[in-house]
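Below is one structure, written out as structure tokens; comments come after it.
Nothing in this text is a laboratory measurement; each read-out follows from the coordinates by a stated rule. Note that this is a predicted model, so its numbers are computed, not measured. For neighbour counting, all protein chains shown are included, and Cβ atoms are generated from backbone atoms with ideal geometry for every residue, glycine included.
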Amino acid sequence: MGRELTFHIFRYDPEDPDSIPHTDIFIMEEKENMTLFIALTQIREEQDPSLQFDFCCRAGICGSCAMVINGRPGLACKTLTRELPKEITLMPLPVFKLIADLSVDTGAWFRAMNEKVGSWIHTSKKFDPSAREERMDNALAEEIYELERCVECGCCVAACGTANMREDFVGAVAMNRIARFMMDPRDERTEDEYFEVIGTDEGIFGCMGLLACEDVCPKNIPLQDQLGILRRKMGWNTVKHLFRFGSS
């Protein structure tokens, strides 16, 4: 027999005027290689069909099942119950709009963030479907791919001290996106244009450097490396502007 697990799960439906935030307790036997996703599915199927949480791929690719697991943001589908104590507390991700229980609306936040930072290749070239694809150095392509592995789960945002205090902070995920486009030779934005996007306290200078974003990233993206690089680039851009202003 496996361990007896006790789940303390946050429950609240903001659309129900009679709903009050609280935690419900569910007890179940641990199975071999059980993930939190499997456990939650079993709870919903066998104990409480009203329990709300998100899932899609079950393989750590879609990012839908992100939640706070014993105080730490993570993916339910990648978290094995054997890695946790017998008492497991599950809460919804902060920062994002709560839908109900463990389900939050990350989509609206990420859409607004991507629009705010212009998260697409900016080019004056017209698309020609008959033209050959532009070649890129393999090493550079691999560097870009390393940053493209983000699944927009929201864990880094939920763990970010600044994002939890300020709604206008774009978060490490946005700066990772900008770092990706700054590497891309197809993007024609200048350093000044990038500075206008993230060279403020809403962007790179609002980061407190607590390292939580990289600590909780389920894809192990080197977020702190990129944040450090961006801070230096944006800081140097500021210095150049100061010298330019002083010489005029």
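Among the residues of segment 217-236, is any without any contact (Cβ under 8 Å) to a residue 12 or more places away in the chain and among the polar types (S, T, N, Q)?
Yes, that holds for at least one residue.
What's the number of the condition N220 fails, among (1) under 15 Å from the mean Cα position of the chain (by Cα); (2) of a type in the set (S, T, N, Q); (3) surrounded by 13 or more Cβ atoms within 10 Å (Cβ to Cβ)?
All conditions pass for N220, except number (3).
Among the numbered criteria (1) surrounded by 16 or more Cβ atoms within 10 Å (Cβ to Cβ); (2) under 24 Å from F53 (Cβ atoms), which single criterion is violated by A179?
If we test A179 against (1) surrounded by 16 or more Cβ atoms within 10 Å (Cβ to Cβ); (2) under 24 Å from F53 (Cβ atoms), just (2) comes out false.
Which of the following residues is acidic (D, E) and farther than 16 Å from V95 by Cα: E202, E167, E152, E196?
E196
Is it the case, given these coordinates, that W109 is under 30 Å from R44 (Cα atoms), touching a Phe, Trp or Tyr at 6+ places or on another chain (Cβ under 9 Å) and of a type in the set (A, V, I, L, M, F, W, C)?
yes
Take the residues in segment 1-36 that are touching a Lys or Arg at 6+ places or on another chain (Cβ under 8 Å) and among the charged types (D, E, K, R); name whichever of them is nearest to K97 (Cα to Cα).
D24
When you scan segment 42-50, do you find a residue that is buried (at least 16 other Cβ atoms within 10 Å of the Cβ), in contact with a strand residue (DSSP E or B) (Cβ under 9 Å, 6 or more places away or on another chain) and in contact (Cβ under 8 Å) with a residue 24 or more places away in the chain, even just one?
yes
For A174, are the conditions met, namely being within 21 Å of G60 (Cα to Cα), of a type outside the set (S, T, N, Q) and within 14 Å of the chain's Cα centre (by Cα)?
It is true that A174 is within 21 Å of G60 (Cα to Cα), of a type outside the set (S, T, N, Q) and within 14 Å of the chain's Cα centre (by Cα).
Filter segment 49-96 down to the residues that are more than 14 Å from the chain's Cα centre (by Cα) and part of a strand (DSSP E or B), then identify the one that is nearest to T35 (Cα to Cα).
Filtering segment 49-96 for residues that are more than 14 Å from the chain's Cα centre (by Cα) and part of a strand (DSSP E or B), the one nearest to T35 (Cα to Cα) comes out as L80.
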